[in-house]
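Undergrad: I'd like to ask you about the structure that follows.
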Amino acid sequence: MNNLYDPRKRVLITGGAGFIGSHLIDRVLSQGHEILCLDNLFTGTKRNIDHLHNHPRFEFLRHDVTFSLYVEVDEIYNLACPASPIHYQRDPVQTTKTNVHGAINVLGLAKRLGCKVLQASTSEVYGDPAIHPQTEDYWGNVNPIGQRSCYDEGKRCAETLFFDYHRQHKLPIKVARIFNTYGPRMHSADGRVVSNFIVQALLNQPITIYGDGSQTRSFCYVDDLVDGLMRLMDTPESVTGPINLGNS
Ligand SMILES: NC(=O)c1ccc[n+]([C@@H]2O[C@H](COP(=O)([O-])OP(=O)(O)OC[C@H]3O[C@@H](n4cnc5c(N)ncnc54)[C@H](O)[C@@H]3O)[C@@H](O)[C@H]2O)c1
């Protein structure tokens, strides 16, 4: 709810104490808006938002997105969800709940407020893809019962909910399918290739080459990803996505 006399937006970022969320917060604050950062600190940490402790336009709410919430905001970015396999497989039932109940809760909130809501989806919705590179019209190849399904299928179901709220309730939605992102504040022990390389290099250990060394990945720097998320949020209402965000 924009205050009648105040042009600033009040922006809710779920998962705001995480790697990407904390960078998004820095950028939105730099544009003069207010931030409500919601996080249960499952993989996120207060260290990522320590520098904002006394910021007059920043507020932190320790809350689990699987429980409903009543706040007044103008825009929502839904990032709450552990992103790396070692984190999301630790409690797979909670991962599905975070994706599905979390989506239901932020969509319900957005519907009540009539505000825009952006979902941080993932390239993992393409599963073990049969085509390369994946375009947004590819439906994916996902195992519904595997160890990664809590994340992949959870994110797919969240996308379904976003598009059903859009079709059924005319809710303004945006869906970003994020590819591998790296940068400051990423988890050093998340088991992913960039963090492994960096930690091994810092410890003067040999760098692990996966497979026969011919594997490829797309890596996007976090500042560029944040740029993409904010530009997507600012698109006209007719633009819903899904939009792939990453590096070629
Ligand atoms: N980092 C990547 O390369 C990447 C790739 C694709 C998609 N994404 C998506 O982007 C988003 C952010 O990823 P990240 O890399 O910053 O991960 P992250 O683990 O650093 O951040 C996720 C944040 O969500 C919080 N969280 C988890 N469950 C929650 C719950 N139930 N209630 C409230 N907060 C909860 C965590 O505490 C953490 O702060 C995620 O939704 C992830 O799926 C990330």
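Values in this text are rule-based calculations from the coordinates and carry no lab data. None of the values given here were measured: they were computed from a predicted structure. Glycine gets a Cβ as well: all are built from the backbone with ideal geometry, and neighbour counts include every protein chain shown.
Undergrad: Suppose we take every Cα in the range 105-206 and form the convex hull; what volume per residue is that in Å³?
TA: Given the Cα convex hull of the range 105-206, per-residue volume reads 145 Å³.
Undergrad: How big is the shadow of the Cα convex hull of the range 159-245, averaged over all directions, in nm²? Before the final figure, lay out each step's value.
TA: Values: hull surface 30.0 nm².
Seen from a random direction, the Cα hull of the range 159-245 projects 7.5 nm² on average.
Undergrad: Same structure again: For the chain, max minus min Cα coordinate along each principal axis, in Å, sorted largest first?
TA: Its Cα atoms span 60, 41, 32 Å along the three principal axes.
Undergrad: Still on this structure: Taking amide H positions as placed in the peptide plane 1.01 Å from N, state which residues far from Leu245 in sequence (5 or more) or on other chains have amide H under 5 Å from it.
TA: For Leu245, whose amide H was placed from the backbone, the distant partners under 5 Å are Arg177, Ile178, Phe179.
Undergrad: Considering the range 197-243, what Rg and Dmax in Å follow from its alpha-carbon atoms?
TA: That works out to 17.6, 51 Å for Rg and Dmax.
Undergrad: Give me Rg over Rh for the range 10-86, both radii from the alpha carbons and Rh done the Kirkwood way, two decimal places.
TA: 0.94
Undergrad: Now, a different point. Please identify, among His33, His53, His187, the residue showing maximal mean-square fluctuation in a Gaussian network model of the chain using a 10 angstrom Cα cutoff.
TA: Among His33, His53, His187, the largest GNM mean-square fluctuation belongs to His53.
Undergrad: Rounded to the nearest 5, what % of the DSSP beta bridges within the chain are antiparallel ones? Spell out each step's value before the answer.
TA: Working: 0 of 30 bridges.
Within the chain, antiparallel bridges account for around 0 percent of the total.
Undergrad: Under 13 Å between alpha carbons: how many lysine pairs meet that in the chain, if sequence neighbours fewer than 8 apart on the same chain are excluded?
TA: Counting lysine pairs in the chain gives 5.
Undergrad: Fewest to most neighbouring Cβ within 10 Å: what's the order for Met230, Met186?
TA: Met230, Met186
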